[in-house]
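The values are calculated or read from the model by the stated rules, or taken from the named source; none is laboratory data. Please read all numbers here as calculations on a predicted model, not as lab measurements. FYI the Cβ positions are ideal-geometry reconstructions off the backbone, even for glycines, and counts take in every protein chain you see.
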Amino acid sequence: MTQNALGVEFELRLSENPKSEQERTAVLANPGFGNHFTDHTAVVDYTVDSEGKGGWHDARIEPYGPIAMDPAAAVLHYGQEIFEGLKAYRHADGTVWTFRPEANAARFNRSARRLALPELPPEVFIESLRRLVAVDKAWVPTNEGESLYLRPFMIATEAFLGVRPAHEVSYRVIASPAGNYFGDIKPVSIWLSEKYARAGHGGTGEAKCGGNYAASLAAQLEAEEHGCKQVLFLDPTDDYAVEELGGMNIFFLFTDGTLVTPALNGNILHGVTRDSILQLATDRGLTVQERRITIAEWRQAVADGTLAEVFACGTAAVINPIGELKTAEGSLVTPELPEDSVAMSIREQLLGIQTGKVEDLHGWLTQLA
Ligand SMILES: *Cc1c(COP(=O)(O)O)cnc(C)c1O
């Protein structure tokens with residue numbers, strides 16, 4: 001792989017049968033989330049040579065399609081896999097931008113270290129997004145609040161059933177047009193998982209890896225039985241401290257204007273949205289605390305009337321208010337969403353920055369196309 005002043009050379013292998021304009025228009029009319037994919041994918045391979053020296057090579061854009069893989073590939077057996085998720089937004093002038101990709105690149109490498117995968121140079125990560133969006137720019141939605149969801153991931157492709165870090169790895173990016181995630185934003189009910197944990201101390205909780213999600217599915221099924229789409233996980237070894245949802249971080253606003261989110265304790269994913277909310281809330285003069293918050297404190301705040309708002313956050317949905325925590329012992333109900341909801345106001349500001357309508361005072365945007 002060669003690098004020049006502009007970044008990294010990606011060989012361009014264009015699809016011979018891209019989707020027709022009619023098909024693409026039909027998808028963009030109702031994108032949903034994660035159902036449809038663009039015509040191309042970015043790929044960079046990694047190989048460890050006989051002297052034990054590893055290197056990235058063969059950076060390319062190729063047609064989207066199935067991956068040919070040996071049935072013994074390590075990812076299929078031991079789950080050596082990590083991923084990222086970020087969005088590209090089309091601005092009013094037609095240019096396409098993404099939000100804090102360097103934070104995703106850094107987190108990708110932290111995840112890589114935890115899963116014993118090779119680190120990818122951040123400039124290659126960002127260039128892969130730029131090259132993919134350049135060829136598939138027509139897939140970036142134009143409607144308000146819509147985006148092109150970018151999914152970088154890394155998999156161990158080496159055919160080998162012994163247990164050790166794989167010597168052959170593939171980095172890829174796929175892209176999927178995303179509609180307005182929840183459409184009309186309404187407070188959601190979430191389920192408290194008391195039977196399952198998503199992470200343990202020293203585990204992979206703060207790595208963005210597929211295994212964490214596989215481990216959360218049984219809890220999600222339990223949530224669905226109770227009419228909830230999302231699950232809240234606690235740390236049973238730390239006085240039932242609140243950790244996060246299966247794929248979103250959580251915030252609490254108290255009536256005295258204090259905004260609290262669980263401190264990063266090694267089990268909690270370092271959300272880019274979480275971090276951005278902490279910054280925007282500080283800018284607004286809110287008292288911001290990253291600290292331990294237990295389920296008992298939550299229950300007490302509901303009883304005292306000192307809890308104002310609860311919300312979840314992540315790239316896909318940005319911010320969504322939580323109306324109720326359902327538990328086996330009854331519900332913790334959040335007060336009705338106020339007209340001047342802090343969660344909704346920060347949501348609007350964040351989306352405004354992402355879509356180019358609100359000034360980007362923190363230098364969070366990177367142009368992709
Ligand atoms: C990706 C993810 C989040 C949210 O992170 P963002 O960077 O804000 O999208 C939260 N929790 C988990 C478990 C995640 O995988």
*Looking at Ile322, Ile346, which one is touching a residue at least 60 places away in the same chain (Cβ under 8 Å), within 16 Å of the ligand (Cβ to nearest atom), under 30 Å from Asn104 (Cβ atoms) and assigned to a helix (DSSP H, G or I)?*
Ile346
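Say we look at segment 267-281 and pick out the residues that are β-branched (Val, Ile, Thr) and not in a loop (DSSP other than H, G, I, E, B); which of these is surrounded by the most Cβ atoms within 10 Å (Cβ to Cβ)?
The first filter runs over segment 267-281 and keeps only residues β-branched (Val, Ile, Thr), leaving 268, 272-273, 277.
The next check asks that each one be not in a loop (DSSP other than H, G, I, E, B); those that pass are 272-273, 277.
Values: Val272: 24, Thr273: 22, Ile277: 27.
Among residues in segment 267-281 that are β-branched (Val, Ile, Thr) and not in a loop (DSSP other than H, G, I, E, B), the one surrounded by the most Cβ atoms within 10 Å (Cβ to Cβ) is Ile277.
Per-residue answers, yes or no, for (1) assigned to a loop (DSSP other than H, G, I, E, B); (2) surrounded by fewer than 21 Cβ atoms within 10 Å (Cβ to Cβ); (3) outside the structural domain of Phe33 (by TED's automatic domain parsing); (4) at pLDDT 95 or above:
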| residue | (1), (2), (3), (4) |
| --- | --- |
| Glu224 | no, yes, yes, yes |
| Phe251 | no, no, yes, yes |
| Asn265 | yes, yes, yes, no |
| Ala312 | no, no, yes, yes |
*Before we move on, is Thr98 within 30 Å of Asn267 (Cα to Cα) and part of a strand (DSSP E or B)?*
yes
*If you check Asn143 against the conditions, is it buried (at least 16 other Cβ atoms within 10 Å of the Cβ), in a loop (DSSP other than H, G, I, E, B), more than 16 Å from the ligand (Cβ to nearest atom) and of a type outside the set (Lys, Arg)?*
no
*So is Arg274 within 16 Å of the ligand (Cβ to nearest atom) and among the basic types (Lys, Arg) or not?*
yes
*Somewhere in segment 318-340, is a residue surrounded by 19 or more Cβ atoms within 10 Å (Cβ to Cβ) and at positive phi?*
yes
*Considering (1) under 15 Å from Ala178 (Cα atoms); (2) more than 24 Å from the chain's Cα centre (by Cα); (3) of a type in the set (Gly, Ala, Ser), say which one Gly85 fails and leave the rest.*
(2)
*Within segment 101-139, tally of residues that are in a loop (DSSP other than H, G, I, E, B), surrounded by fewer than 24 Cβ atoms within 10 Å (Cβ to Cβ) and more than 15 Å from the ligand (Cβ to nearest atom)*: 5
*In segment 298-310, how many residues are surrounded by 18 or more Cβ atoms within 10 Å (Cβ to Cβ) and of a type in the set (Asp, Glu)?*
1
*What is the one condition in (1) out of contact with any helix residue (DSSP H, G or I) (no Cβ under 9 Å at 6 or more places or on another chain); (2) assigned by TED's automatic domain parsing to the domain that holds Glu84 that Gly200 does not satisfy?*
(2)
*asked:* Against the definition (within 16 Å of the ligand (Cβ to nearest atom), among the hydroxyl-bearing types (Ser, Thr, Tyr), more than 14 Å from the chain's Cα centre (by Cα) and modelled with pLDDT of 95 or more), how does Thr261 come out, yes or no?
replied: yes
